[in-house]
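*Asks:* Pasting a structure below so you can have a look.
The values are calculated or read from the model by the stated rules, or taken from the named source; none is laboratory data. Source: prediction; values computed, not measured. Glycine gets a Cβ as well: all are built from the backbone with ideal geometry, and neighbour counts include every protein chain shown. The accessibility values were calculated without ligands, DNA or RNA, using every heavy atom of the protein model including side chains. Shrake-Rupley method; radii C 1.70, N 1.55, O 1.52, S 1.80 Å.
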Amino acid sequence: MQITAIVGNPKPLSKTYHIAVEAVSQLSVLASEQGRSAEQLVIDLADYAGALVQWGNPQAGKLVELAAGADILLFVSPTYKATYTGLLKLFADQIPQNGLAGKIAVPVMVGGSPHHSLAVEHAMRPLLVEMGASCPTQGLYVLDSQFDELPSVVAGWIERSRCGLSRVL
């Protein structure tokens, strides 16, 4: 099983990236508890921004192939203007229509205020569904102020999402 996170923060190795690493790691542990081994991959789009603005760039195409090869795909973004980043949108635009058909996807966002917590469901989930993915769980929204408690925040989300996740792991 392949669990892949796509990080849409324009800043390399950001808090968003670390949230993705933690979520992928804990999902891998859950998979092993279910008797399945999982490979982990976290793609930091900040490293590929130049490729994503060039339509048909082979490097961007390789990223799309990696995403399409995942069994579980996390789209991870900071909250910008009550939605996901333009960098993540540039990546999503590279994916063909229904390019995530049959994939399980999880929307994940980080923000500075609980007032934007609906962005994960209102903005990110429709993007994933539009690309053909299934989202069997509530998305994960992490506050900046929770960063020091990240393992327990992600563990709490996994516990709340266990029913939806157990169907795919």
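*Asks:* Kindly provide the set of residues from region 108-133 that are open to solvent by less than 60 Å² (accessible area, probe 1.4 Å) and not in a loop (DSSP other than H, G, I, E, B), ordered by number. Quick ask: steps written out before the conclusion?
*Replies:* If we filter region 108-133 for residues that are open to solvent by less than 60 Å² (accessible area, probe 1.4 Å), which is where we start, we get 108-111, 113, 117, 119-121, 123-125, 127-128, 131-133.
If the condition is that a residue be open to solvent by less than 60 Å² (accessible area, probe 1.4 Å) and not in a loop (DSSP other than H, G, I, E, B), then V108, M109, V110, G111, A119, V120, E121, A123, M124, R125, L127, L128 are the ones that fit.
*Asks:* Tell me which residues, restricted to region 53-77, are open to solvent by 10 Å² or more (accessible area, probe 1.4 Å) and in contact (Cβ under 8 Å) with a residue 40 or more places away in the chain.
*Replies:* Residues of region 53-77 that are open to solvent by 10 Å² or more (accessible area, probe 1.4 Å), as a first pass: 53-59, 61-62, 64-66, 68-69, 71.
Within region 53-77, L66, G69, D71 meet the criteria.
*Asks:* Can you find, within region 15-39, the residue that is farthest from T79 (Cα to Cα) among those that are surrounded by 14 or more Cβ atoms within 10 Å (Cβ to Cβ) and of a type in the set (S, T, N, Q)?
*Replies:* Only one residue tops the list, namely S28.
Okay, residues lined up against (1) of a type in the set (G, A, S); (2) at pLDDT below 95:
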{"site": "P78", "(1), (2)": "no, no"}
{"site": "L87", "(1), (2)": "no, no"}
{"site": "A92", "(1), (2)": "yes, no"}
{"site": "S113", "(1), (2)": "yes, yes"}
{"site": "M124", "(1), (2)": "no, no"}
{"site": "G132", "(1), (2)": "yes, no"}
{"site": "P136", "(1), (2)": "no, yes"}
{"site": "G156", "(1), (2)": "yes, no"}
